[in-house]
1. How many residues does region 28-39 hold that are without any contact (Cβ under 8 Å) to a residue 40 or more places away in the chain and either touching a helix residue (DSSP H, G or I) at 6+ places or on another chain (Cβ under 7 Å) or closer than 10 Å to residue 114 by Cβ (or both)?
2. Give the residue that is modelled with the lowest pLDDT, with candidates limited to residues of region 97-108 that are surrounded by 12 or more Cβ atoms within 10 Å (Cβ to Cβ) and under 15 Å from residue 121 (Cα atoms).
3. Free of Cβ contacts under 8 Å to residues at least 12 places away in the same chain and within 29 Å of residue 15 (Cβ to Cβ): does that describe residue 65?
4. When residue 95 is evaluated against the numbered criteria (1) assigned to a helix (DSSP H, G or I); (2) free of Cβ contacts under 8 Å to residues at least 40 places away in the same chain, which criterion, by number, is the only one it fails?
5. Can you pull out every residue in region 109-123 that is under 22 Å from residue 29 (Cα atoms) and free of Cβ contacts under 8 Å to residues at least 40 places away in the same chain?
């Protein structure tokens, strides 16, 4: 009878980087701005903490960055000025056409952009 391979041992999750800690703190502050509204909920999706209005995600925390959904012209403006980059989930090659990533140490107003995102997904 063939021997079964040994079960994989779980790997420890690496400690968060300083940027991930700053992003988590900024996201928590952002979440507090929205969670007083009963229409907004915090959830987890694909390992990310997200904020939803109804069933639609409008903001997420991923890889130490704020991820928001905006219309393409707004995305172009933010990317072209260097404020944001296009969101590539899990570091893969695919860019999400309506999603951008904002670094924790950037100058962008996370609350204002999350408000824009909320309005966009509610259209």
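The values are calculated or read from the model by the stated rules, or taken from the named source; none is laboratory data. Quantities reported herein were computed from a predicted structural model and do not represent experimental measurements. Ideal geometry is used to build each Cβ from the backbone, glycine not excepted, and the neighbour counts take in all protein chains shown.
1. Qualifying residue count for the region: 1.
2. 98
3. no
4. The number of the failed condition is (1).
5. 109, 112, 115, 119
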